[in-house]
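The values are calculated or read from the model by the stated rules, or taken from the named source; none is laboratory data. Please read these numbers as outputs of a predicted model, since none were measured by experiment. When we count neighbours, we look across all protein chains shown, and the Cβ atoms used for this are built from the backbone with ideal geometry, even at glycine. Side chains are part of the model used for accessible areas, which takes the heavy atoms of the whole protein and leaves out ligands, DNA and RNA. Shrake-Rupley method; radii C 1.70, N 1.55, O 1.52, S 1.80 Å.
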Amino acid sequence: MEGILCASPGCGKPAKLQCPTCVNLKLETPSHFCSQECFKTFWPLHKMYHQKGQPENLPSQFRNYKFTGPLRPTNITPMRKAPEGIELPDYAIGSIPISERVADRKNMANIIHTPEEIEIMRQLGKMSREVLDIAGNAAKVGMTTEELDIIVHNAVIERGAYPSPLNYYKFPKSCCTSLNEVICHGIPDERPLRDGDILNVDVTLYWKGFHSDLNETYLIGNVDERGKNLVKCAYDCLELAVAMCKPGTLYRELGDAIQKHANKQGFSVVKNFCGHGIGRLFHCNPTVPHYSKNKAVGAMKVGHVFTIEPMINEGTWQDEIWPDSWTAVTADGKRSAQFEHTLVITETGCEVLTKRTNGSYIDRHFK
Amino acid sequence: MTEVTNSNINKKVPVTLITGFLGSGKTTFLNYILNENHGKKIAVIQNEYGQSIGIETAMIVDSNGEKIQEWLEFPNGCICCTVKDDFLQSIEDLLKRSDKFDYILIESTGMGDPGQISASLWVDEELESPIYFDSIITLVDSKHIEKHIEKSKLNSNANNNNNKKVDDEDIEIHGTDIKYYSTEVERQIAFADIILLNKIDLLDQSNLNNEIKTITERIKSINPIAKIITTERSVVPLDKVLDVKAYNPNIELLKEYLDQFQKGQNSNNQHQHQHNNNEESSSCKECSLTNTSNHSKFINTVCITEDGDIDLTEFNRWIGNLLWEEKKDCIFRCKGLISVKGQDEKYILQGVYATFEVLPSGLLWSKDEKRHNKIVLIGESLNQNELEQSFKNKLL
């Protein structure tokens, strides 16, 4: 409760107690008080939060939806468009990635990329890293994820690229922002970031015919120890998986190592979302599961480009999709953290195309 | 916490894939399941192209223009629906229904490749799916199987005019491109866990035992590890063919399979030589010496038996390399008992097409037992020496 102030209007003292009803109902309303007196005085007004149960302006499709955790959706602003002159992927207008569908139906083999193609993806990887770092540095208490989306959108456009998520199967925004119990595919909206949140920002750029995909989870303000451990665990899971990547390694081997590490820390691994091949297509073969004992097909070969993006949960691995048909949340409402890189297999191992160039994540967040 | 719990397989609904050639009795088998009083609640998902049950199934279109499955209910509690191609979607729809089913049967049409479908049905155990893949059952028309397998040979043998005439009649009956007939039938046999040798009542009853023996040997030359059951009019005690858990890492079951291979191998040991694809069957002296000859010239079985231990990662990579690179699309099934370095448990290999897994069996190597590996591979034009040598190189 450190740093939280009493919710009684005009009190301003540090909070020491929390309303038990708010805790039971998993409400995100101001529920901390400095003393029993303040709580009793403010009670007639405070209890109205309990009656409502849910914020007033909940989008209509969420009516009667039983949320798994405290997070609630807010308003989503109209979709932005890429300006003239930006090269568009095939789904940018019609929302359906036709080339991906075709490749999927044919169960297309893993693509061996040429050195020229890899050079484009190397430059693109650097650009996408810059964009993610801009978003990561901007994310602060009080800022909305919508504002972050504007920052990402503009940073992508400035670099002459297209924000790949925009209108991909009608995804309405230019990046994914996944807070707390959101596993992935959170839609940027008008909810302000709060002290103690963990926020994943997932950025993908499309440029010169190729995609590059990466994400990181940021600690917003003061995150509790368990939250920090969760984020650190997700970070380590990605690191150890990347270290295994070299010609001959089977894609299925990564999941065994990731799950072993996560379980050891008391965390679970999301199974319904996987890493994926990437290149001229946003998502293609191979499928890269993060859970153990998977039967994924394929061995790594020089020139394969794919993502690894373990999602690690505080509680159950099971997920549930919000009625917005995008936001994937944990089935028990507990938090989830994720990190992602795009990498290419080389003769001697792999090259992380989206690697950090400006200081380490651990230095910034954990030291 | 969340130590991932392996869900209890007994609570899950088994799924069996039924394949079989036109005229093999698949229709009769499915009708038997949907209409007889066998005491099980079975859901049958039938491919639209099959249409074998001959029931008008209305496809309902909802307001979004999407097709909704309609399930036909039968007096014995079974239900049936017809789908275009998305079996998994219809299974999901089925599981959303409030009524519970003991079993799901999926009929794949004569032209469907059982390998592709079974790979999508064989869901990772970790995903805790409410279904599990039980087995592939292939129905075989024992009266016509010889001819079906014979066909590719006859097509390339212009001298055999008499037989060819008989075949032409068959072409009319079945009405499909005959060139792909034998390949298809052989592949269906090669993929099977269980083979129902159907229509034995139509065989020459005065010489029944010999006829069955000949056909069984023929089938074993294509797939020596499948369980073969003879039936009349597709009537078979369901307990014998359903819920066999063919993909469980069950050492007893594997032993049964491998023992069958031993038998098959012995009865066909004169056919262990290799055939090349471009080799005319008549030019093979070894085969022409024997009475029944080796007719599955495209499909063969390799069995590797070696003492010693192997590193689990190395073994996975070796099998992966065979299935995905070196023998890509040419290995249909694999099964094996594996001795993994540093593990007291016996490990089991299971594979269908490009999908495979190697899992501990739960049973230990006993002290007086020699640790060994035994791997059976069924596929197209596999070379015993080459594969054996390749495996030996990986042994520790």
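Condition first: at positive phi and open to solvent by less than 30 Å² (accessible area, probe 1.4 Å). Now tell me which residues in the range A:339-367 satisfy that.
Matches in the range A:339-367: A:Gly349 only.
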Report yes if some residue within the range A:244-258 is out of contact with any strand residue (DSSP E or B) (no Cβ under 7 Å at 6 or more places or on another chain), open to solvent by 40 Å² or more (accessible area, probe 1.4 Å) and assigned to a helix (DSSP H, G or I); otherwise report no.
yes
Find the residue count for the range B:343-370, including only residues that are at positive phi and outside any strand (DSSP E or B).
1
B:Glu380 versus (1) within 14 Å of chain A (Cβ to nearest Cβ); (2) open to solvent by 30 Å² or more (accessible area, probe 1.4 Å): which is the lone unmet condition?
(1)
Given the conditions (1) part of a loop (DSSP other than H, G, I, E, B); (2) among the charged types (D, E, K, R); (3) modelled with pLDDT of 85 or more, report the number of the one that A:Glu28 does not fulfil.
(3)
So which pairs qualify, if the first residue must be in the range A:226-239 and in contact (Cβ under 8 Å) with a residue 60 or more places away in the chain, the second must be open to solvent by 40 Å² or more (accessible area, probe 1.4 Å), the Cβ gap must be under 8 Å, and the two must be at least 6 apart or on different chains?
A:Lys228/A:Phe366; A:Lys232/A:Phe366; A:Cys233/A:Gln265
Please tell me if A:Thr41 is open to solvent by less than 80 Å² (accessible area, probe 1.4 Å) and among the hydroxyl-bearing types (Ser, Thr, Tyr).
no
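Residues checked against (1) within 13 Å of chain A (Cβ to nearest Cβ); (2) among the hydroxyl-bearing types (Ser, Thr, Tyr); (3) in contact (Cβ under 8 Å) with a residue 12 or more places away in the chain; (4) under 17 Å from B:Lys255 (Cα atoms):
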position: B:Glu325; (1), (2), (3), (4): yes, no, no, no
position: B:Phe332; (1), (2), (3), (4): no, no, yes, no
position: B:Gln350; (1), (2), (3), (4): yes, no, yes, yes
position: B:Ala354; (1), (2), (3), (4): yes, no, yes, no
position: B:Val358; (1), (2), (3), (4): yes, no, yes, yes
position: B:Ser361; (1), (2), (3), (4): no, yes, yes, yes
position: B:Ser366; (1), (2), (3), (4): no, yes, no, yes
position: B:Glu369; (1), (2), (3), (4): no, no, no, yes
position: B:Lys374; (1), (2), (3), (4): no, no, yes, yes
Looking at A:Asp319, A:Asp324, can you tell me which residue is more than 9 Å from chain B (Cβ to nearest Cβ), more than 15 Å from the chain's Cα centre (by Cα) and open to solvent by 10 Å² or more (accessible area, probe 1.4 Å)?
A:Asp324
Counted residues, the range A:231-287 - those being facing chain B (nearest Cβ under 10 Å) and basic (Lys, Arg):
2
Could you name every one of the helices (runs of 4 or more DSSP H) located completely within the range A:57-157 that has at least 1 residues being over 21 Å from the mean Cα position of the chain (by Cα), at pLDDT below 95 and surrounded by fewer than 19 Cβ atoms within 10 Å (Cβ to Cβ)?
A:91-94, A:98-105
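For every residue, the table says whether it meets (1) touching a Lys or Arg at 6+ places or on another chain (Cβ under 6 Å); (2) over 30 Å from A:Met108 (Cβ atoms); (3) open to solvent by 10 Å² or more (accessible area, probe 1.4 Å).
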residue: B:Leu312; (1), (2), (3): no, no, yes
residue: B:Trp324; (1), (2), (3): no, no, yes
residue: B:Ser339; (1), (2), (3): yes, yes, no
residue: B:Lys346; (1), (2), (3): no, yes, yes
residue: B:Val358; (1), (2), (3): no, no, yes
residue: B:Lys370; (1), (2), (3): no, yes, yes
residue: B:Val376; (1), (2), (3): yes, yes, no
residue: B:Leu395; (1), (2), (3): no, yes, yes
Would you mind stating whether A:Asn294 is facing chain B (nearest Cβ under 9 Å) and surrounded by fewer than 21 Cβ atoms within 10 Å (Cβ to Cβ)?
no
